[in-house]
Amino acid sequence: MAARCNFWLPKKKRFCANVPLGDSQFCGNHTQRSDGQWIPCPIHPSHSVLEENLQSHLKRCPFFKQAQSLSLQPFYQEGINAGKEEEEEEGVQNFSSEMKRNAVLAMTLFEFSQLINKIKSVHASIRNDIRDSFKIPQACDIWTNRQVDRGLPFQQKHVMQQASILGNLEEFGVLKSCEDNVVSGSVKSDTSVDEDDVPAVVEFGAGRGYLTQVLADCYRIKKILLVERKSYKLKADRSLRQKENVTLERLRIDIEDLKLNAVESLQGVPYLATGKHLCGPATDMTLRCCISKQCNQHNDASSESTCHLIGLAIATCCHHLCQWKHYINKRYMLDLGIGKDDFNAITWFTSWAVDADHGSDLCGTGWSSDLQIRENEHVESDLNTYDEVKDMVKNMKAVDRAIIGFMCKDIIDFGRFRWLKEHEFESQLVKYVPSNISPENRLLVARQKC
């Protein structure tokens, strides 16, 4: 029988069936994880290359010309929105989920229980500031009632999320309803509303751009900028470009490197920033990118903002990817007694939020009461039951892990909410859809103070 790769696939519960490379125990796909001979491409980390082939690969990497062209753009500045460590450390790195997990399991039972109790205590103090706000505005009826072009992709759960994001913006006074000017998904040309009242829209992490598609169909948006680092097929771009008087620009760039004030099409233009499920640190980078005071600290002291943020709506997600280096409000965490190591643990706990059945326990009326009960529970009584943290975590019920996970998500997002308030924005942190539509249901909404 031919040799097989010795890499275990946990989801498929079997070993990889590929043939190993040379004298290695692993195939080419898994050598990088096991033998350490593969390294991420420094031009674009989406792919890896054998270390001995790195120099020849750099000359023919398909992303080389794209990276070279991007570096010449005035709106490109490497790492401008990345953030930094409070203390300069040697070998600063992003922590993978595996590294975070190993750090948690290396804790003593006392340290683990103290952290869990701190999470519960902090969440009990902020939970009343996070309200339910599932809003479907009348302006979005053409999408919720499926009166749009049948050629456009339609999934009920995504439309409900998109409509509620816009509904919360409308309720917060950032978007103005234009139902009298909307006919069958298009805006009447004889509208009497001043065009200066209609902001441009910048969608971060735009993907295929269908949040902006709904926005353009239901409101009077004329200028659109989509920011996305990946390339997608079946984008909304073609449909948006066919709309009368709409100008669309798509920037293929990482939010981390985007100097928004240098984008020519936004010069002197008030704009609205949106993002649906901005993964992990992308939310923090977006906040830095949009808030002028933060952008300008990287530029000359004499520089001034040339584009004006009037409001934003960011649906957060994938908190397990958050990194201390990128997090926008380290001061808030430190004031709570949560340092870098505890923050890494908290971000790992957030992955527990998707463990349970969100169609039952976490969505019904029992969710609030269960949460309140568990916030008041302390775990010292369990310390004598287990020998190590691994056993304690393994024996936790899925719903208990999920509740801890949601608490951690709220704490991370609440720090972002506080940061917006500290920077003179009126802001809210809300649950914009029920958990049975999406467990990633927290939305940051903000507007510039008058």
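Checking each residue in segment 410-434 for being assigned to a loop (DSSP other than H, G, I, E, B) and buried (at least 23 other Cβ atoms within 10 Å of the Cβ) picks out Tyr432, Val433. If you go through segment 308-327 and keep only what is crowded, with 24+ Cβ neighbours inside 10 Å and in a loop (DSSP other than H, G, I, E, B), you end up with just Cys322.
Candidates in segment 269-284 are the residues that are more than 20 Å from Gln161 (Cα to Cα) and in contact with a strand residue (DSSP E or B) (Cβ under 8 Å, 6 or more places away or on another chain); of these, the one that is most open to solvent (accessible area, probe 1.4 Å) is Pro270.
Selection of segment 140-172 for residues being at pLDDT 90 or above and of a type in the set (Gly, Ala, Ser) yields Ala163, Ser164, Gly167.
Residues considered: Arg60, Arg127, Arg150. Of these, the only one that is open to solvent by 60 Å² or more (accessible area, probe 1.4 Å), on the phi < 0 side of the Ramachandran plot, assigned by the TED database to the domain that holds Leu215 and of a type in the set (Lys, Arg) is Arg150.
The values are calculated or read from the model by the stated rules, or taken from the named source; none is laboratory data. Bear in mind the structure is a predicted one, so any value in this text is a computation, not a measurement. When we count neighbours, we look across all protein chains shown, and the Cβ atoms used for this are built from the backbone with ideal geometry, even at glycine. Accessible surface is based on the protein model in full, side chains and every heavy atom, while ligands, DNA and RNA are left aside. Shrake-Rupley method; radii C 1.70, N 1.55, O 1.52, S 1.80 Å.
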